[in-house]
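What follows is one structure encoded as C-alpha cells, with my remarks underneath.
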Amino acid sequence: MIIAQVSDIHAAENNDNLARFERALSWIDFIAPDALVLTGDLIDDNWIPGNPSGTVGAHLPWLAENLTSDGPADSIVFMHHPVIRSGIPPLDQIMCGDVAKLAEFLSEHPRKPIAISAGHVHRSVVGQLAGIPAYICGSICPENPLWFGTEIVPPVNDSPSFMIHRYTESQLVSHPVLL
C-alpha cells in the first residue's frame, strides 16, 4: 500500500500555495498512491479562533475503539499537530496537547499503530512516541527554518514538501519528498 501525505497547504488569495499544491499532486500522480491523506491547514485561516494548538485527549476513546475494530491489524495514525518536539521553540509551544496521555495509552494498548504522522511544523522531522515511529510531514507552503532558538536563524528551502509512505510485507518505509 502506498499513501501520499500532504500537509499545510495554507491556500489564500495572496499566495501561490494552490499552484504549489497542484505541482505536488502532479508529482504524486506518477506514484499512483492507494490513498491521499491531507493532514490539516488546508486554508490560511484559523478553524479554532485564537487557538493555534490542538489536543488529542478527548479523542482517545475513538482511537481505542478504532484500534480494536475488525480489519487489518496494522494502522497508521494521521493527525495535524505533532506528538514529538521539533526543537523549534515557537512550534513546540503549539504541538499536540495531551501527548503524555497518548503515550500512556499507546504504551498499554495491545494493538499499537505502526507509525504516527502529523504536519504543522512545515518541515520533515522524525522521532518516536512510546516506541512508535513518529513523523512530521513537510508542507506545501514554504518550510519553517530549522531554528533552535539561537540568535541567527538559518536559511530555509522554499520547495513544496510531502511524504510518501509505503507499507509492504509488514514493513513501513516513509520518504520525505521535496519538489
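Exactly one condition in (1) surrounded by 14 or more Cβ atoms within 10 Å (Cβ to Cβ); (2) aliphatic (A, V, I, L, M); (3) modelled with pLDDT of 95 or more is not met by Leu146; state its number.
All conditions are met except number (3).
Take region 149-169 and flag every residue that is open to solvent by 60 Å² or more (accessible area, probe 1.4 Å), under 22 Å from Ala32 (Cβ atoms) and either modelled with pLDDT under 95 or among the aromatic types (Phe, Trp, Tyr) (or both).
Glu169
Can you tell me which residue in region 8-44 is least open to solvent (accessible area, probe 1.4 Å), limited to those that are without any contact (Cβ under 8 Å) to a residue 12 or more places away in the chain and farther than 17 Å from Met163 by Cα?
By that ranking, first place goes to Ala19.
Would you point out which residue out of Ile94, Ile116 is in contact with a Pro (Cβ under 9 Å, 6 or more places away or on another chain), among the β-branched types (Val, Ile, Thr) and at pLDDT below 95?
Ile94
Is there a residue being assigned to a strand (DSSP E or B) and either of a type outside the set (A, V, I, L, M, F, W, C) or on the phi > 0 side of the Ramachandran plot (or both) anywhere in region 136-149?
no
Take Arg85 and tell me if it is surrounded by 14 or more Cβ atoms within 10 Å (Cβ to Cβ) and over 17 Å from the mean Cα position of the chain (by Cα).
The answer is no for Arg85.
Which condition number in (1) part of a loop (DSSP other than H, G, I, E, B); (2) surrounded by fewer than 19 Cβ atoms within 10 Å (Cβ to Cβ); (3) in contact with a Lys or Arg (Cβ under 9 Å, 6 or more places away or on another chain) is the one that Leu60 fails?
Status for Leu60: all satisfied but (1).
Can you tell me which residue among Ile164, Ile114, Ile94, Ile152 is under 21 Å from Asp74 (Cβ atoms) and out of contact with any helix residue (DSSP H, G or I) (no Cβ under 7 Å at 6 or more places or on another chain)?
Ile114
Any idea which of Val121, Val126, Val77, Val173 is surrounded by 18 or more Cβ atoms within 10 Å (Cβ to Cβ), outside any loop (DSSP other than H, G, I, E, B), out of contact with any Cys (no Cβ under 8 Å at 6 or more places or on another chain) and of a type in the set (A, V, I, L, M)?
Val77
The values are calculated or read from the model by the stated rules, or taken from the named source; none is laboratory data. Owing to the predicted nature of the structure, the values given are computational and were not obtained by experimental measurement. Please note: Cβ atoms are built from the backbone with ideal geometry, for glycine as well, and neighbour counts cover all protein chains shown. Quick note on the areas: whole protein, heavy atoms, side chains included, nothing else; ligands and nucleic acids left out. Shrake-Rupley method; radii C 1.70, N 1.55, O 1.52, S 1.80 Å.
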